[in-house]
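*Asks:* Got a structure for you, questions after.
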Amino acid sequence: MASTDVVKGMARARRSGISVMQVRIVLLVVLLAGWEIMARSGLLYRDVVPPLETIGWALIKLLSSQAFYWNLAVTVAEVLAALAIGGSIGFMTGVLLGGSRFFGRALEPYIYYLGPTPKIIFFPIMIMWFGVGPGSKIAMGAVSCFFPIALSAAAGMRQIEAVLIRVGRSFRASQWQMAMKIYLPAMRPAVMNGIRLGLGIAIIGTLLAETKLSNRGIGYLIMQAYSVFDMPRMYALLITLFAFAIGANAIVGRFGGPAKRQ
Amino acid sequence: MNQTPQSTAPMAGQLPHVLSADNVTKKFDTAEGPLVAVDNISFDVRPGEFLSVIGPSGCGKSTLFNIIGGLTPDHDGTITVDGEVVRGPHPSIGMVFQEESTFPWRTVIDNVCFPLEIANVPKAERLDKARHFINLVGLSGFENRHPSELSGGMRQRVAIARTLVSQPKILLMDEPFAALDEQTRLLLGDKVLQIQQELKQTTLLITHNITEAVQLSDRILVMTYRPGKLKRIVDIDLPRPRTSDVVSSPAFGAYVAKIWGDLREEASRGMAESERAR
Amino acid sequence: MRAMAASSARFLPAAFGLFCLLCGVAIVEGMLRAGLLNRFIVPLPTEVIDSFGRLFGDEQLLARFLTTVQETFYAMAILAVIGIPVGTLLYQVPVLRKATETWISALASAPIVLMYPLFLVIFGRSPATIIVMGVIAGLPPLILKTIEGLSGTRQSLINVGRSFRLTRVQMLTKIMLPAALPTIFVGLRLALIFALINIVGVEFLINFGGLGQLINDLAERYDMPGMYATIVFVILVSVLFFFVTERLERWLRRMS
């Protein structure tokens, strides 16, 4: 039934001339129209669901203000610093865990089971260790992205086919050559996937920390909009934030092109 | 073709042996006690010859391959190449592995350049040599493809070119065609014969396939099943240059029958033991 | 003999890992006592352990924990009621599925938790905000796994159903959903993990509800040992949830 259903559905779609693109456009229009009706009807307070036009203007105003770009730069710098610190520590940990069966069995379960826990609750500790400034936000992001990158690097290390290492040895490659020409390229897809996951949650960790306690960054702007109930501005900020996150994800995804073997 | 970079090939008759194995023994400790994988094996490889080692699965052929290639430490006896004892991967030995061993992230030409990069050969020279050997294995035009875009037989030819480019005195191959179907195997055998005759490449092939061994070899060493001892050496007196057509000749059939007679007993012993273990 | 070797190969690294953990704690304790670490930033591990009694008594840690569990339970109930039917609908209407599947997976990796100030405006500092954040976090993986499970039904099972001339609804309830159950359970488990992370996180951020709020309170009161102890408690609870549901998932897989 699964396949016949798909075939039937496709046939029906072809007969009535509905393509996936058209469905998407219809869905978007319905969504936006529903929003607009809700906004105009006044069922919910106007402030919570502002008309699309208002959000549009707020977006334009936001994107043309200098303060926005300054705060965006602060957040981007924090996220990149977090990724650099958490990522490099995570990578080295992963190489150690993946390279040694013993260390992997001894210590990897801790990282594996600590991975899916709420990291933001460490924020009070980070404030005490690294202060209320960007330091504690970077630390939050770094702690968040450490886990997926360490686990991916360990898995990538273990997935290297043994014969490729024997090829390198048979040509008498030095340790350095082995690392640069065999281990690193063989691990690249797994590590890039880890960085993609890590970047996503580094963004979340850093921004959540900013919304809790800060005086700069996108998270701070969101809380500022919240405190004066400027909902259109909040929507504009969330839209730009989502665009930023999805864009960053796509860029890393592009670098992680597969080195596949059929 | 005269000035191909093959001037390092040993002149026939200059040295009696390119490689010798003397009383090579390797024991493994397993849960059921020590296992003798290779038991006191000695043989010589003559310059320019094609020598095969044949034996049933599990007779320690691959262990022998790794010992000769210098990848397995702690064995008894010695492997000597040009009078030098092998104590690790030796520059005179080029290995081709049974498993898929091309680097999936490198193109064909970059795969073939790999050993030259390791040896710090300048880039222009690297590319020249790599192109020559890609041409030799019949892959011209595929230089910039990735292995995932090639068939299994083509990938194995890339691996052979990659090993030949380092110009080893001995080409050491471990069942390089094991993963391929019978037709591809025969055609690839032709290619290897042609290359070997062209380069006068001394070659040591490890295999469990009788037709392959008879088709390609000047001599065949037959190994026994556990412990892996040398059972017999068979000289193959088929005319050269050969092609895969040789498989239909009566002499070929006689050699196959003779070696199968030797192997049958070993193979059935192996089968019985592995069934008992189950 | 082999079994013994295998179990010691497992036991030894696990023991070493535990040893590392205990050593780490002991070193911190030693450094604090020697004055190498600042006691105002890191409390003594022994004090942290001692504070558990006080937390269960004065701070009603158990009641806090149950509040969080209750919020998670409501979120999971809503998730199951929305997520599985939506996934089934998208599976039944292929055009809709093709149109929205990439959107849903993009949503799964987007920082949706940052929408919490929005729901703070709508629902105020209330359980509703916390539960909605939990639902939003868990929805994409549950929908995606439901679709995946239904599309993975073995053709032979479908043929059995057709041979008995089942109706479309019977086919769905008697064959496809039971066959997809292990995969749907994976979706529920992912949803639970994401919901729990977000619920505790939002509790902490908006200072309301169960365990998250307690951490915030203790931090504001500068009760170092209590705060560290509560964080340890939250980590242990999360790991326990994760571990138990993982075992359950494996067991379900083996059954089918």
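*Asks:* Over all Cα pairs of region B:28-137, how is the pair count split among 10 Å bins, expressed in % and running from 0 up to the last occupied bin?
*Replies:* Over region B:28-137, the share of Cα pairs per 10 Å bin runs 11, 33, 32, 19, 5, 0 percent.
*Asks:* Please state, to two decimals, what the Cα-based radius of gyration of region C:60-255 comes to when divided by 2.2 N^0.38 Å (N = residues).
*Replies:* The reported ratio for this selection is 1.19.
*Asks:* Then there's this: Compute the distance in nm between two label points, each set 7 Å from the Cα along the Cα-to-Cβ direction, one at C:R221 and one at C:Q170.
*Replies:* In this crude label model, C:R221 to C:Q170 measures out at 6.3 nm.
*Asks:* Over chain B, what percent of the accessible surface lies on carbon and sulfur atoms, probe 1.4 Å?
*Replies:* Result for chain B: 51 percent of the exposed heavy-atom area is carbon or sulfur.
*Asks:* Of the trypsin sites (Lys or Arg not before Pro) in region C:59-126, which ones lie in a loop per DSSP and count no more than 15 other C-beta atoms within 10 Å?
*Replies:* Within region C:59-126, the qualifying trypsin sites (Lys or Arg not before Pro) (loop, at most 15 other Cβ atoms within 10 Å) are C:R125.
*Asks:* Rounded to the nearest 100 Å², what's the accessible area chains B and A bury against each other, both chains counted, probe 1.4 Å?
*Replies:* For chain B against chain A, roughly 2200 Å² becomes buried.
*Asks:* Grab the other residues whose beta carbon is less than 14 angstrom from that of B:A124, score K and R as +1, D and E as -1, and report the net.
*Replies:* Once all neighbours under 14 Å are counted, the net charge is +1.
*Asks:* In addition: If Lys and Arg each add +1 and Asp and Glu each add -1, what is the summed charge of the other residues whose beta carbon sits under 10 Å from the beta carbon of B:L64?
*Replies:* +1
*Asks:* Using a 7 Å offset from Cα along Cα-Cβ at B:T72, what residues in region B:41-63 end up with backbone N under 20 Å from the label point?
*Replies:* Under 20 Å, as judged by backbone N against the label point of B:T72, lie B:41-45, B:51-63 of region B:41-63.
*Asks:* I would also like to ask the following. Between chains C and A, what is the buried accessible area summed over both chains (1.4 Å probe, protein heavy atoms, nearest 100 Å²)?
*Replies:* 5400 Å²
*Asks:* Also: Quick one: net charge around C:F65, please, counting Lys, Arg +1 and Asp, Glu -1 for every other residue with C-beta under 13 Å from its C-beta.
*Replies:* Net of charged neighbours comes to -2.
*Asks:* Apply the Karplus curve 6.51 cos²θ - 1.76 cosθ + 1.60, θ = phi - 60°, to the phi angles in region B:251-258 and return the couplings in whole Hz, x for Gly and Pro.
*Replies:* Going residue by residue, I get 4, 4, x, 5, 4, 4, 4, 5 Hz, with x marking Gly and Pro.
*Asks:* Share of region C:60-255's accessible area from carbon and sulfur, percent, 1.4 Å?
*Replies:* That share works out to 70 percent.
*Asks:* While we're looking at this one, here's another question. Treating the angle as unsigned and between 0 and 90°, give the value, to the nearest 10°, between the Cα long axis of helix B:108-118 and the longest Cα principal axis of chain B.
*Replies:* Tilt of helix B:108-118: around 80 degrees.
*Asks:* Okay, next question. Can you give the Kirkwood hydrodynamic radius for region A:73-254, in Å, rounded to one decimal and based on Cα pairs?
*Replies:* This gives a value of 17.7 Å.
*Asks:* Further, regarding this structure: Starting from the coordinates of the alpha-carbon atoms of region A:62-116, obtain the Kirkwood hydrodynamic radius over all distinct pairs and give the value in Å to one decimal.
*Replies:* 13.7 Å
*Asks:* How big is the protein assembly as shown by Rg and Dmax over its Cα atoms, in Å?
*Replies:* Here Rg and the maximum Cα pair distance are 33.4, 101 Å.
*Asks:* What residues qualify as long-range amide H neighbours of B:M223, i.e. H under 5 Å apart, gap of 5 or more or another chain, H built at 1.01 Å from N?
*Replies:* Result for B:M223 returns B:I54, B:G55, B:K231.
*Asks:* Then there's this: Short version: what are the Cα gyration tensor semi-axes of chain B, square root of 5 times each eigenvalue, largest first, in whole Å?
*Replies:* They are 30, 22, 20 Å, listed largest first.
*Asks:* Taking N as the number of residues in region B:141-268, what is its alpha-carbon radius of gyration divided by 2.2 N^0.38 Å?
*Replies:* 1.12
*Asks:* As an exercise, use a Förster radius of 56 Å and the Cβ-Cβ distance of B:Q194 and B:D22 to find the FRET efficiency, rounded to the nearest 0.05.
*Replies:* Given R0 = 56 Å and the Cβ-Cβ separation, E is 0.95.
*Asks:* To the nearest 10 degrees, how steeply does helix A:52-63 sit against the main Cα axis of chain A, on a 0 to 90 scale?
*Replies:* 50 degrees
*Asks:* Please calculate how many Å² of accessible area region A:73-254 carries per residue, with a 1.4 Å probe and no DNA, RNA or ligand atoms counted.
*Replies:* 40 Å²
*Asks:* Tell me, what ³J(HN,Hα) does each residue in region C:29-35 have, in order and in whole Hz, if you take phi through Karplus 6.51 cos²θ - 1.76 cosθ + 1.60 with θ = phi - 60° and put x for Gly and Pro?
*Replies:* 4, x, 5, 5, 5, 7, x
*Asks:* Could I ask something else about it? Give the total of Lys-Lys pairs in chain A with Cα-Cα distances below 28 Å; include a pair only if its members are 8 or more places apart or on different chains.
*Replies:* Summing the qualifying lysine pairs gives 6.
*Asks:* List the residues of region B:33-82 that lose 50 Å² or more of accessible area once all protein chains are present, compared with their chain alone (1.4 Å probe, heavy atoms only, no ligands or nucleic acids).
*Replies:* Those are B:L71, which lose 50 Å² or more relative to the chain on its own.
*Asks:* Could I ask something else about it? Taking 30 Å as R0, compute the FRET efficiency from the Cβ-Cβ separation of A:F102 and C:I235 and round it to 0.05.
*Replies:* 0.75
*Asks:* Okay, moving on. Take the residue pairs B:K26/B:K123; B:K61/B:K191; B:K169/B:K229 and return only those whose Cα atoms are more than 31 Å apart.
*Replies:* Too far apart for the 31 Å limit: B:K26/B:K123.
*Asks:* Would you jot down the residues in region C:211-230 that end up with at least 10 Å² less accessible area in the complete protein assembly than in the chain alone, with a 1.4 Å probe?
*Replies:* In region C:211-230, residues shielded by partner chains: C:I215, C:N216, C:A219, C:Y222, C:M224, C:M227, C:Y228.
*Asks:* Run a plain Debye calculation on region A:95-139 (Cα atoms as equal point scatterers, no solvent) and give log10 I(q)/I(0) at q = 0.14, 0.25, 0.33, 0.34 Å⁻¹, rounded to two decimals, same order as the q list.
*Replies:* Cα-only, vacuum Debye calculation for region A:95-139: -0.51, -0.78, -1.03, -1.07.
*Asks:* Follow-up question, since we're still on this one. Given +1 on the Cβ of Lys and Arg, -1 on the Cβ of Asp and Glu, and no further charges, what dipole in debye does region A:73-254 carry about its Cα centre, rounded to the nearest 20?
*Replies:* 660 debye
*Asks:* Probe radius 1.4 Å, ligands and nucleic acids ignored: give me the carbon and sulfur share of the accessible area of chain A as a rounded percent.
*Replies:* Carbon plus sulfur share of accessible area: 70 percent.
*Asks:* Now for a different question. Please list, or write none, the aspartates and glutamates whose alpha carbon is within less than 13 Å of the alpha carbon of B:K258, excluding same-chain residues fewer than 8 places away.
*Replies:* Correct list for B:K258: B:D235.
*Asks:* With each label point set 7 Å from Cα along the Cα-Cβ vector, what nm distance links C:L66 and C:E246?
*Replies:* 3.0 nm
*Asks:* Which whole-number percent is the relative contact order of chain A (Cα, under 8 Å, 6+ apart)?
*Replies:* RCO, chain A: 23 percent.
*Asks:* Can you compute the helix-only [θ] at 222 nm over the protein assembly as shown? Use -39500 (n - 2.57) per DSSP H run of at least 4 residues, normalise by all residues, nearest 500 deg cm²/dmol.
*Replies:* Here the helix-only value at 222 nm equals -21500 deg cm²/dmol.
*Asks:* Return the residues of region A:136-172 for which accessible area with all protein chains present is lower than in the chain on its own by 20 Å² or more; set the probe to 1.4 Å and exclude ligands, DNA and RNA.
*Replies:* Checking the loss per residue gives A:V163, A:L164, A:R166, A:V167, A:R169, A:S170, A:F171, A:R172.
*Asks:* Same structure, new question: Per residue, how much accessible area does chain B have with a 1.4 Å probe, in Å²?
*Replies:* Roughly 44 Å² per residue, with all protein chains present.
*Asks:* Between helix B:152-164 and chain B, what is the angle of the helix's C-alpha long axis to the longest principal axis, kept within 0 to 90° and rounded to the nearest 10?
*Replies:* The angle comes out near 80 degrees.
*Asks:* For region C:40-85, what value does the Rg/Rh ratio take when both radii are computed over Cα atoms and Rh is the Kirkwood radius, given to two decimals?
*Replies:* Across region C:40-85, the Cα-based Rg/Rh ratio is 1.30.
The values are calculated or read from the model by the stated rules, or taken from the named source; none is laboratory data. Because the structure is a prediction, the values reported are computed rather than measured. Counting neighbours? That spans all protein chains shown, and the Cβs are built from the backbone with ideal geometry, glycine included. Only protein heavy atoms, including side chains, enter the accessible area calculation; ligands, DNA and RNA are left aside. Shrake-Rupley method; radii C 1.70, N 1.55, O 1.52, S 1.80 Å.
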